[in-house]
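Right, one structure below, let's go through it.
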Amino acid sequence: MTRPINEILILGGGLAGLAAGYSLSKAGLGVKVFEKDATVGGLARTVVHSEFRFDLGGHRFFTKNKKIENFLIDLMEGELLIVPRKSKILLRNKYFDYPLKPLNAIFGIGIPMTLKVLFDYAFERIKSRYKMPDMVSVEDWLVNRFGRTMFNIYFKEYSEKVWGIECHRISMEWAAQRIKGLSLGTAIRNAFSRFNGNKIATLADKFIYPSKGIGRISERLKSEINERNSVLLNVRIERLCHDNLQIEAAVARNGYHSIPFEGSEVISSIPINDLVQMLDPKPPDDILRAAAKLKFRDMVIVAIMLNREKVTNQNWIYIPEQEIPFGRVHEPTNWSPKMAPKGKTLLVMEYFCFSGDETWCAGDEELADNTIRNLEKLKFIKREEVIDHVVIRVPKAYPLFEVGYREHYDKICVYLSKFKNLHITGRGGMFKYHNMDQAIASGIEAAEKIIKRNSDFCADGTKARVFAGVSA
């Protein structure tokens, strides 16, 4: 094999892997990015079907990190829109504003129930002053932050619909990561005062969005990498050959051919349990057992194209109730008018599931028909308005933080940290529920570690240089 001695191999073409590849390329280093799918972006990709475009669930870009915001603005070169956030919860045939607005809640669930919500919240606050309760599960965390009544009304049913297990089995770390800083008190202050909810991502009332879909971020990163290096699509990593705690080669398969690639460093953004299984020689049995304990939640996306200009004025509609099989709806044309041809729109439904279950294994036509039937039931559409549909299955969409997962995760991290040239990044790689800005930042951070410690000369004969746009 003839490879540059300092070529860096990046496993996974999602936002984290691509951000790492982009930063390394800008620093003058040789890079190869391997992506098993036909397109880059992972969960943050945009599907193009005829004249329609849609994301896998709808993704808003919001960040408090000015470096990452400037990074994105520079990358996208005028493609970005500022979109007002509008989202609601559809519960018991009534719409509730999300985030919570107290007056809307009062008229939605009635004054007696609202008083019970406030009483329960006050009770939890008083109780916490005397003794902070032990918090292990998402149920513990949410009850402490919102009170038992609010937890039962909304959070319990929706959380269990998303994750497929009871709330007492979901680790509190999920809630702490996703809705950090939010409680009933902050939501009420946000509604009734000049309190700046934009400091909390969950309360942000506007976000950045590329006019042709969130996948344009990944596409731009790929284009920039390909100017100097290469992003290889439809290439699956089979094995990572190592010796003396050093990754020596990645064996990649493209169709019927397996090809080894050598590199001085390896960045992995693929699911951490897949990474463990790829190591050759295999890790010790206890590490393999720990990897098998880490689980992901899968997802099926059903997009319904409509001969209609608009259905809602919302970005998202959350649907907690179990009798409706999908958990969230978004209408892409409310994010950007370029997501559908003029006079047409589409709705995109998210089914949360596990690979191999009834939803995952259902046929495309069955899923589309069931989706249309339920949209009619919700009075969103009429069947005769439907002009097309698309079904996309997304494996390992979200890391599942089951109570007790941390012990297995930490054991794997200790083992992987012993490898001298292996860097873990991204949502799946780090087994963290990262937002897009966090995924991008984690990829850049991995790249900067390599750049700063790399004293060798680059493939073009110059010394590696830190990408000043991010590292300054």
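Values computed for the structure shown
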| item | result |
| --- | --- |
| Out-of-range pairs (alpha-carbon distance over 31 Å; input K88/K295; K338/K382; K64/K282) | K64/K282 |
| I387-E309 FRET efficiency (beta carbon distance; Förster radius 22 Å; 0.05 resolution) | 0.95 |
| Partners for K67 among lysines (Cα-Cα distance below 27 Å; same-chain residues under 8 apart left out) | K26, K32, K86, K180, K199, K206, K212, K222, K432, K449, K452, K463 |
| Additional length obtainable on full extension of the chain from E262 to V414, 0.36 nm per residue less Cα span | 52.3 nm |
| Calculated FRET efficiency for the pair K379/R406, C-beta based, R₀ 45 Å, to 0.05 | 0.55 |
| Full-stretch length increase - K449, R289 - with 0.36 nm per residue and alpha-carbon distance subtracted | 54.6 nm |
| Amide H within-cut-off set for R45, under 5 Å, with H built and near neighbours excluded | L56 |
| Cα pair count fraction exceeding 43 Å, expressed as % - the chain | 17 |
| In order through region 48-65: 3J(HN,Hα) via Karplus (6.51 cos²θ - 1.76 cosθ + 1.60), integer Hz, x for Gly, Pro | 10, 10, 6, 9, 9, 9, 7, 8, 7, x, x, 10, 9, 9, 9, 8, 9, 8 |
| Stretch gain in nm, segment F123-N93, where the contour uses 0.36 nm per residue and the Cα spacing is subtracted | 7.9 nm |
| Set of aspartates and glutamates with alpha-carbon distance to K420 below 17 Å, sequence-local pairs under 8 removed | E7, D243, E248, E262, E265, D280, E445, E448, D456 |
| Rounded to 5, percent antiparallel among DSSP beta bridges of the chain | 75 |
| Those lysines that a straight Cα-Cα span of less than 16 Å connects to K377, excepting residues fewer than 8 apart in one chain | K94 |
| Cut-off 14 Å between beta-carbons: net charge of the residues surrounding V329, Lys and Arg +1, Asp and Glu -1 | +2 |
| Inter-probe distance in nm under a simple model that places probes 7 Å from Cα toward Cβ, at E248 and E79 | 4.1 |
| Phi-based couplings in Hz for region 345-359 (Karplus 6.51, -1.76, 1.60; Gly and Pro marked x) | 8, 8, 10, 10, 10, 10, 9, 8, 7, 10, 3, x, 7, 4, 5 |
| Span-rule helices in the chain, defined as complete DSSP H runs reaching 27 Å or more along the axis (Cα) with Kyte mean at least -0.5 | 111-130 |
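Computed from the coordinates by the stated procedures, all read-outs in this text should not be read as laboratory data. Model, not experiment: these values are computed from the prediction. Glycine gets a Cβ as well: all are built from the backbone with ideal geometry, and neighbour counts include every protein chain shown.
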